[in-house]
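In what follows, a single structure is set out as structure tokens and then discussed.
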Amino acid sequence: MNQRLLEQLGRVTDEEQHILDGTAGIEKKLYASGEEFTIDYAKLLETGQLITVRTHTRFAHFPLHRHNYVEMMYICQGSVTHIINHRRIRVSRGELLLLNQYTRHEILPAGRDDIAINFVILPEFFDVASGMIGTNNVLADFIVNTLRQDERRGEYLYFKVADVLQIQNLIENMIYSLVRQNRGEDPVTVQTMNRINQTTMGLIFMYLLEAVPNAETMEPDSYENMILMTSLSYIDQNYRTATLTELCGRLRMPAHTLSRMIKKASGVNFKELLQRKRLNKAVGLLCETDLPVNDIIDAVGYENHSYFHRIFRERYKMTPKAFRNLHGKDSRIRL
């Protein structure tokens, strides 16, 4: 890793200095909302961000906790030890640990020379990556599991890829760009940076596929994953006209059975998955083209324009026009 970047990442933070001074341990209020120690992405991500990075807090024990986002830890220097399901996993320099939503784990104290980066990632971030890496592999299964809301389960993938130069370079580039963005040093819009980092993550995952046979993992439910992956693929390819009835016909399954399996595997129903896809597509068209809003509504499959405006405002807290004005200035493709 670039030595200058490593020195910046290794600086003692205010939180770490309080720990070293013996005046505080891990301050849960910095990470979590509510009584249970569930780290909340709303505490860490700015509005509109799908991913950010923060250095792992050293010198203190992180007690058993979980998070409502996907976490990827990358070790820049030294090592960090996690305990997952009573299993110790010591992640060393250049290695990656991917933790699914709600995976319960604790982290042993890291030393001054143990420098790690936590990527805080919303599940939607993986839309691009999942399309790039395809299906029928453990990594694709893991990405499907990022949609799970079942708190009783938790998946992780541990990759020993310190000697894969392509992965190291791509991750360093992501860390550098996200650090600059967090400091307000990068003029690129959040929307553009999301797309760049989504594509970079897709490339990282394509290289990780070569390391899957040697990855340490928990075994997912392959049948449930197959059903959800098929459903997501159908929605991805047919989002304009997709219906639960047509999908049931393709899978030769009763509607109530398929609906129950989709809800169990993803935490949301078919309608919500379809709506998420359509809205994500609409956001891309708003920010990357000059198409009129009404044409975009038609293009993503909504006949009722008033309904689209209502659900768009519910999700993004603003109108489509306002969203375009805020996020689309520097990333437009003129059509």
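The values are calculated or read from the model by the stated rules, or taken from the named source; none is laboratory data. Keep in mind the model is a prediction, meaning the values are calculated, not measured. Glycine also receives a Cβ, built like all others from the backbone with ideal geometry; neighbour counts cover every protein chain displayed. Side chains included, ligands, DNA and RNA excluded: accessible areas come from the protein's heavy atoms. Shrake-Rupley method; radii C 1.70, N 1.55, O 1.52, S 1.80 Å.
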Is there any pair linking a residue in segment 100-111 that is within 9 Å of R66 (Cα to Cα) and open to solvent by 10 Å² or more (accessible area, probe 1.4 Å) to one that is modelled with pLDDT under 95 and of a type in the set (D, E), with Cβ under 6 Å and at least six apart or on different chains, and which? Y102/E151
Would you check which residues across segment 239-258 are of a type in the set (S, T, N, Q) and open to solvent by 40 Å² or more (accessible area, probe 1.4 Å) and list them? T241, T243, T245
Determine whether segment 82-93 contains at least one residue that is of a type in the set (A, V, I, L, M, F, W, C), without any contact (Cβ under 8 Å) to a residue 60 or more places away in the chain and surrounded by 18 or more Cβ atoms within 10 Å (Cβ to Cβ). no
Filtering segment 269-310 for residues that are under 12 Å from D236 (Cα atoms), surrounded by 18 or more Cβ atoms within 10 Å (Cβ to Cβ) and touching a residue at least 40 places away in the same chain (Cβ under 8 Å) leaves a count of 5
Yes or no: segment 186-207 includes at least one residue that is touching a Gly at 6+ places or on another chain (Cβ under 6 Å) and not in a loop (DSSP other than H, G, I, E, B). yes
Of all residues being open to solvent by less than 20 Å² (accessible area, probe 1.4 Å) and outside any helix (DSSP H, G or I) in segment 157-185, which is nearest to E7 (Cα to Cα)? Just the residue, please. V161
When you check E16 against the structure, is it closer than 30 Å to G328 by Cα and touching a residue at least 40 places away in the same chain (Cβ under 8 Å), yes or no? no
Starting from segment 168-187, take each residue that is farther than 16 Å from Q77 by Cβ and list its partners that are assigned to a loop (DSSP other than H, G, I, E, B), counting only C-beta distances under 7 angstrom and pairs at least six apart or across chains. S177/D186; R180/D186
Taking only pairs six or more apart or across chains, which ones have beta-carbon atoms under 6 Å, a first residue in segment 230-257 that is within 20 Å of D141 (Cβ to Cβ), and a second residue that is among the aliphatic types (A, V, I, L, M)? S231/I262; Y234/L247; I235/A242; I235/L273; I235/L274
Restricting segment 223-246 to residues that are within 21 Å of the chain's Cα centre (by Cα) and more than 13 Å from L258 (Cα to Cα), the one modelled with the highest pLDDT turns out to be I235
Checked segment 2-30 for anything touching a strand residue (DSSP E or B) at 6+ places or on another chain (Cβ under 7 Å) and within 27 Å of T189 (Cβ to Cβ); matches are L9
State all residues of segment 303-312 that are modelled with pLDDT of 95 or more and not in a helix (DSSP H, G or I); if no residue qualifies, say none. N304
